[in-house]
Each structure stands twice: as structure tokens, then as C-alpha cells.
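Down below is the structure, laid out as C-alpha cells.
The values are calculated or read from the model by the stated rules, or taken from the named source; none is laboratory data. This one's a predicted model, so the numbers in the text were calculated from it and none came from an experiment. Neighbour counts are summed over all protein chains in view; Cβ atoms, including those assigned to glycine, are modelled from backbone coordinates with ideal geometry.
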Amino acid sequence: MTATAPRPHAARVRGAWLAVVALLALVGCAAGGRPREHAGAVPTDHPRIALLPFDNLSGREEQERLFTQTFLASLAKTGACDVVDLGRVETLLETLRIRSAGSLSPAQMAAVGDSLDVRYVLIGSVLEAGKVRTDDGETPTMGASLRLVDVGTGRVIWADVHVVTGDDRETVFGWGRERSPERLLVRLAEEMLRDFRTAGTEWRKRSAAGEEER
């Protein structure tokens, strides 16, 4: 497959991918196949979490808003945590003059935690948002990174990077192919956040087993 057009921010995207891979290596990476890596452990309780607006590294305009809203809706549906209203988050970042959630200083991170009364923030980046050309025509592709950060320590305690394309689930005669970028984005969010919820469940089981052994 080849891309339909050159991407003006290709170097920036490559840099983002390298940073994500390095991040996953630090928290204990598990990788395989198509770009899909996640690691770490989510909180054992039902935490209050703020999803910060996504950074857009895709080179395509307006994707950060679409990704943020889609992931927020999917996160709320998981029931894994209490989610802070996005409007409140955006107002705070504007007040603190924070333009990029991906480069918060320790002081800014602490201020976000105190103001929103959260211990954890989810920070995401749009890595891919476009189309690729196949023998059967163009198909959408979506990719993102996501990490859960403890605002008190600045420590990344869970991270995931995932890319999906419209033909990932294609069988014969084009059945299963997804041509809608919006529906593909919803699938991306649901798959990433399913791993987030599963990691939390597994961590709770291990914690419970450890307590029983004591």
C-alpha cells in the first residue's frame, strides 16, 4: 500500500512514534504485528480522570477535536472511571495558558490535578488520520497514542499506541471493510479503551490475589 499524498509533517510524526516506542519501553512494552503496543497497570479503584485535548501530529487539520470528543465518549461508556467534563478541562488549560497537553511541566501537571480534583490524566496524540490506497480503492486509516499519568508524580502508569485501517477486518469480496473514517475512529477508541479497562481488571485480580496470600 502507498499513501495517496506526501505528508508534510512526516518527520514530526516519525518523531512522535519514536517517543511513544521509547515510552512503552520504559513502562514495560508488549508488542506484536501491526503497530499495537500497550503496557503498565491502571488504578485498582474507580478513579476520577481528566482526558486532556489530543495533540495533533497527523498533519491534517481539526483531527484533534474529533479524536478528543470520540475518545471522551468511549471512555465514559467503559464505566471504568469518573470523567471530568471536557469544557471544564479546556477552560482550565486556557486559564493556565497551556497550548499542548503533551508537554506539561510538573507544576502545570500539579495545577491541573488540584484544579480538577483528579489524580490521573489521560494524554493522547493523533498519529494517523487519512487514507491509504489499496487495489480496491482508498481506505481510511487512524492511529493514536494514549498514556495515563499520575499528576502527583508525573509517572506514566499505562500507555497504548494503536493504528487501524478500514481493511483490517476485511474478508472475501470486501466484506467487513470500513470506509467511514468516523466509524473507524470510534473502533480505534473502543479498542484502545477496552485494553485500558482490561488492564485495570487484571491488576485488580492480581492485587486481590496478593492480599489473600498475606
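Overview of results
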item	result
Segment 116-131 residues that are in contact (Cβ under 8 Å) with a residue 40 or more places away in the chain, paired with ones that are buried (at least 23 other Cβ atoms within 10 Å of the Cβ) and among the aromatic types (Phe, Trp, Tyr) (beta carbon under 7 Å, 6 or more apart)	Gly124/Phe54; Gly124/Phe67; Gly124/Phe71; Ser125/Phe54; Val126/Phe54; Val126/Phe67
Test: residue in segment 130-139 that is buried (at least 21 other Cβ atoms within 10 Å of the Cβ) and among the hydrophobic types (A, V, I, L, M, F, W, C)	no
Residue match in segment 74-92 (condition: of a type outside the set (A, V, I, L, M, F, W, C), in contact with a strand residue (DSSP E or B) (Cβ under 6 Å, 6 or more places away or on another chain), on the phi < 0 side of the Ramachandran plot and modelled with pLDDT of 95 or more)	no
Segment 84-101 - residue that is assigned to a loop (DSSP other than H, G, I, E, B) and not basic (Lys, Arg) and, of those, surrounded by the most Cβ atoms within 10 Å (Cβ to Cβ)	Val84
Residue in segment 196-214 that is modelled with the highest pLDDT, counting only those that are farther than 17 Å from Ser74 by Cα and aliphatic (A, V, I, L, M)	Ala209
Any pair with Cβ under 7 angstrom, 6 or more apart, that starts in segment 136-158 at a residue that is farther than 19 Å from Leu185 by Cα and ends at one that is part of a strand (DSSP E or B) and basic (Lys, Arg)	Val156/Arg147; Trp158/Arg147
Any hit, segment 29-52, residues being touching a strand residue (DSSP E or B) at 6+ places or on another chain (Cβ under 6 Å), part of a loop (DSSP other than H, G, I, E, B) and modelled with pLDDT of 95 or more	yes
Among the residues listed as Leu104, Leu127, Leu193, Leu184, the single one being crowded, with 22+ Cβ neighbours inside 10 Å and modelled with pLDDT of 85 or more	Leu127
Failed item, numbered, when Leu148 is tested on (1) over 20 Å from the mean Cα position of the chain (by Cα); (2) within 15 Å of Ala101 (Cβ to Cβ)	(1)
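Here is a yes/no grid of residues against (1) of a type outside the set (Lys, Arg); (2) part of a strand (DSSP E or B):
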| site | (1), (2) |
| --- | --- |
| Gly124 | yes, yes |
| Lys131 | no, yes |
| Thr141 | yes, yes |
| Gly154 | yes, no |
| Trp158 | yes, yes |
